[in-house]
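Presented below is the structure to which this report refers.
Taken together, the values in this text are just the output of simple stated rules run on the coordinates, not laboratory data. Everything numeric here is computed off the predicted structure, so don't read it as measured data. Note that each Cβ is placed from the backbone with ideal geometry, even for glycine, and that neighbours are counted across all protein chains shown.
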Amino acid sequence: MPMKGRFPIRRTLQYLSQGDVVFKSLVRVMTVNYNTFGELGEGARKFVFFNIPQIQYKNPGVQIVMFKNMTPSPFIKFYLDSGEQVLVDVEEKTNKEIVQHIKKILGKSEETLEKEAQEKMKLRHPATFGHKRYHMRECMCEIKGQIPCPGKVALPKEMTGKYKAAMKENAASEASSM
């Protein structure tokens, strides 16, 4: 990706993944009302410019809408699952203060994030098998050195039950004929 435009570092994966606001699952929509002029909305403008891309990256299921120059004072409104609305006043706050406030009231705690990461790692453990969505492998046969699935590649004759039963029968009939 060419590094063109205003502050192109904002579009790098490293910058986007550094965001630390992960919303609780009950947040559905976030609206940001801010003005492009005036000293009172400077923090809100910086928040939109620097922090909104990180929030979008970390919360793909949350709809984010920005309203420019439609209100005398900047604010952020969250719409929750239950139909409840949370209003956050961001007038005279810096973008860092806004991020910390949002993280405190609607963000997941560090313990919750760690617990979710551990749960994800348990599911992605190489020794587990199941659906590709949750596990690294669907079947034991995908591991190098294991016997392939009989549905995909036929087993050697010596490993089938019919062959073993026939061999036992032959051995029994030869022993009885002697």
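Each Lys and Arg adds +1 at its Cβ and each Asp and Glu adds -1 at its Cβ; summed about the Cα centre, the chain shows a dipole of about 640 debye. Inter-part distance, the stretch 131-174 to the stretch 49-123, computed on C-alpha centroids, equals 53 Å. Towards the positive end of the charge dipole of the chain, with charges on Cβ (+1 Lys, Arg; -1 Asp, Glu), say which of Gly145, Met30, Asn170 has the farthest Cα. Comparing the listed Cα positions along the dipole, Asn170 ranks first.
Each principal axis of the Cα atoms in the chain has its own extent, and those three values, largest first, are 108, 42, 25 angstrom. With 19 Å as the limit, the listed pairs Lys24/Lys120; Lys24/Lys115; Lys24/Lys104; Lys144/Lys164; Lys77/Lys120; Lys58/Lys96 have Lys144/Lys164; Lys77/Lys120 beyond it between alpha carbons.
Taking chymotrypsin sites (Phe, Trp or Tyr not before Pro) as exposed when DSSP calls them loop (any state but H, G, I, E, B) and at most 12 other Cβ atoms lie within 10 Å, what is the longest stretch of the chain free of them, the sites themselves excluded?
Numbers: sites that count: Phe37, Tyr134.
Longest gap between qualifying sites, sites excluded: 38-133.
What do you get for trypsin sites (Lys or Arg not before Pro) in the stretch 1-66 restricted to DSSP loop and a cutoff of at most 10 other Cβ within 10 Å of the site's Cβ? Before the final figure, lay out the partial values.
On the way: sites: Lys4, Arg6, Arg10, Arg11, Lys24, Arg28, Arg45, Lys46, Lys58; in loops: Lys4, Arg6, Lys24.
Here the trypsin sites (Lys or Arg not before Pro) that fit, given the DSSP loop and packing criteria, are Lys4, Arg6.
Among the trypsin sites (Lys or Arg not before Pro) in the stretch 85-149, those placed in a DSSP loop whose Cβ has at most 11 other Cβ atoms within 10 Å are Arg124, Lys132, Arg133, Lys144.
Here is the P(r) of the stretch 9-53: all C-alpha pair distances, binned every 10 Å from 0, give 23, 43, 32, 2 in whole percents.
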